[in-house]
Amino acid sequence: LMWKTSTVGNGIAFVGNLKYDGREYSDIMLYSGAGEDDAGSAYPMWGTFPVDSNRITIPEAGGEITALKWIKNKVLQFRKHMLYIINVEDVLAPRMDGEHREMGVNGQYAVTEFPHGIAWVNNNGVYVYLADSGKVDSLTAGRIDVEDFQVGSPHDNTKIGYDDKAKMLIVTNSTKYDTAGYHYAYSFITDAWCTWDGNKAKAANVKTNFAIDHDGYLTGA
């Protein structure tokens, strides 16, 4: 079993966009067994992904799963153009808590966590999901023109990260690393955006997802 994206919460792993036995299941999400025994088997299912039983599917949902994030018993399942919020408090009986059109992402690199929720970047701007309220909101609507915020092809590797030391979201793109005014930072302290050109050439070398290093700094490789 292979997968393109994953997330973990409450000791359960969720994987999406699968390849199994030579076939691709780009719109399927599986969850790991949580200690239950399969009928007729002496082996617990913990840590494995029963492909025939532990599926979470969304009827009539189109497009491949591009990213997954778990937060407070919810899985945010992103596709290219859709965001589905799935309540997995009882993973055996998941339920849909929300569907949001045009709020999908191109890949896991376009999604990040911050202390109060999840943030992501797509062709239309930057959005947040606030865990306490369960609301989705835009951080760029009315502030940054969509035309200025180019995320789509051929610049679809735009990535986002959260720097806790500065309390900022950082948005950059290695394709457009030399474009003045493209790279963005949002401050949760001032509730304001700015662009940054200093050190922009370094963005060209950040080929991985953003990550937090051992000193607590936002970094990439």
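The values are calculated or read from the model by the stated rules, or taken from the named source; none is laboratory data. Everything numeric in this text was worked out from a predicted model, so none of it was measured. All Cβ positions, even for glycine, are placed from backbone atoms using ideal geometry, and neighbour counts span all protein chains on display. These accessible areas exclude ligands, DNA and RNA; they are computed on the full protein's heavy atoms, side chains included. Shrake-Rupley method; radii C 1.70, N 1.55, O 1.52, S 1.80 Å.
Please find, within region 94-108, the residue that is nearest to Thr57 (Cα to Cα) out of those that are open to solvent by less than 60 Å² (accessible area, probe 1.4 Å) and out of contact with any Phe, Trp or Tyr (no Cβ under 7 Å at 6 or more places or on another chain). Selected residue: Pro94. Which one of these does Ser133 not meet: (1) open to solvent by 20 Å² or more (accessible area, probe 1.4 Å); (2) in contact (Cβ under 8 Å) with a residue 12 or more places away in the chain? Just one mismatch for Ser133, condition (2). For the condition open to solvent by 40 Å² or more (accessible area, probe 1.4 Å), at pLDDT 90 or above and over 13 Å from Leu30 (Cβ atoms), Arg79 does not qualify. Of the residues making up region 18-38, just one is aliphatic (A, V, I, L, M) and either modelled with pLDDT under 90 or over 21 Å from the mean Cα position of the chain (by Cα) (or both), namely Ala34.
Take the conditions (1) modelled with pLDDT of 90 or more; (2) farther than 21 Å from Tyr127 by Cβ; (3) not charged (D, E, K, R); Leu68 misses just one of them, which is (2). Of all residues in region 48-61, those being open to solvent by less than 50 Å² (accessible area, probe 1.4 Å) and assigned to a loop (DSSP other than H, G, I, E, B) number 6.
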